[in-house]
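Novice: After the structure tokens below, expect a handful of questions from me.
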Amino acid sequence: DAGVIQSPRHEVTEMGQEVTLRCKPISGHDYLFWYRQTMMRGLELLIYFNNNVPIDDSGMPEDRFSAKMPNASFSTLKIQPSEPRDSAVYFCASGTGRAGTEAFFGQGTRLTVV
Amino acid sequence: TQLLEQSPQFLSIQEGENLTVYCNSSSVFSSLQWYRQEPGEGPVLLVTVVTGGEVKKLKRLTFQFGDARKDSSLHITAAQPGDTGLYLCAGNSNYQLIWGAGTKLIIKP
């Protein structure tokens, strides 16, 4: 099993640009989570999907953030326009069963907005 | 707002010493998970505790869930440099994971 695969691993972009982060969950997992991690705020849940349907997006900071899951093997998190305060490590995780059960994390995307 | 407080935030000790880190809340959780995160990687699950008072051991790591299911501890015996990392606890409440801020642990050889 390849685990959760995220791309890119690192992204440096200029303020105002659109950024798209990608995630391939573990095959067979029906839950997918997007998290953001910073030194100041720790690990924050942004949004999660169950069977490709967004269930809770209350953690999405503002309308500049959007997430999609067009099929069971792919999800994207888009930031448009990006701002320096969006700089963080973004993790995708997948799991089975209920949303509060074990989450398997990808290696993350380190985003720097300059 | 449900909170999970972890303490200490940072701990640096010598190889061979014992240590305990704590995860506390005023809320009751149906289960609690401990993860370890190494630099440049995502968190990896170490253990899930479910029953109040439950104790689980993973080699030199001992995890305990409080009787009231509001708190948990992680004890490491004879710490090794390979134990270095960020230890995160996450409580399951209404099928959502509530995360602590983590304990950054450094084991010096």
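The values are calculated or read from the model by the stated rules, or taken from the named source; none is laboratory data. Just so you know, these numbers come straight off a predicted model, no measurement behind them. In this analysis, Cβ positions are derived from the backbone assuming ideal geometry, glycine residues included, and neighbour counts consider all displayed protein chains. For the accessible areas, the whole protein counts, side chains as well, though only heavy atoms, and no ligand, DNA or RNA atoms are used. Shrake-Rupley method; radii C 1.70, N 1.55, O 1.52, S 1.80 Å.
Novice: Please find the FRET efficiency linking residue B:62 to residue B:41, where r is the Cβ-Cβ separation and R0 is fixed at 22 Å, and quote it to the nearest 0.05.
Specialist: E(calc), rounded to 0.05, equals 0.40.
Novice: A further question on this structure: Over all directions, the average projected area of the alpha-carbon convex hull for segment A:1-91 comes to how many nm²?
Specialist: 5.8 nm²
Novice: Which aspartates and glutamates have a Cα less than 17 Å from the Cα of residue B:104, not counting those fewer than 8 places away in the same chain?
Specialist: Correct list for residue B:104: B:5, B:15, B:17, B:38, B:41, B:83.
Novice: Please compute the Cα-Cα pair-distance distribution of segment B:16-109 with 5 Å bins starting at 0, giving whole percents from short to long.
Specialist: Here the calculated profile for segment B:16-109 is 3, 14, 26, 25, 18, 10, 4, 1, 0.
Novice: Across bins of 10 angstrom width beginning at 0, how are the C-alpha pair distances of segment B:20-74 distributed, in whole percent?
Specialist: With 10 Å bins starting at 0, P(r) equals 25, 53, 20, 2.
Novice: In square nanometres, what is one fourth of the surface area of the convex hull spanned by the alpha carbons of segment B:57-109?
Specialist: Numbers: hull surface 17.5 nm².
It is 4.4 nm².
Novice: Rounded to the nearest 0.05, what FRET efficiency do residue A:112 and residue B:9 have when you use their Cβ-Cβ distance and R0 = 35 Å?
Specialist: Calculated value: 0.90.
Novice: Which loop-located chymotrypsin sites (Phe, Trp or Tyr not before Pro) does segment A:17-109 contain, where loop means any DSSP state but H, G, I, E or B and the Cβ has at most 11 other Cβ atoms within 10 Å?
Specialist: Passing both the DSSP loop test and the Cβ count: no residue.
Novice: Follow-up. At 1.4 Å probe radius, can you tell me the per residue accessible area of chain A in Å²?
Specialist: Spelled out: the 1.4 Å probe surface of chain A, per residue, equals 50 Å².
Novice: Scan segment B:35-71 for trypsin sites (Lys or Arg not before Pro) in coil per DSSP, keeping those whose Cβ has at most 15 other Cβ atoms within 10 Å, and list them by number.
Specialist: Here the trypsin sites (Lys or Arg not before Pro) that fit, given the DSSP loop and packing criteria, are B:59, B:60.
Novice: For the protein assembly as shown, what's the radius of gyration and Dmax over Cα atoms, in angstrom?
Specialist: Just the Cα atoms of the protein assembly as shown yield Rg and Dmax of 17.6, 51 Å.
Novice: Now for a separate question. Go ahead and run the numbers for FRET between residue B:108 and residue A:101, Cβ-Cβ distance against an R0 of 41 Å, rounding to 0.05.
Specialist: 0.70
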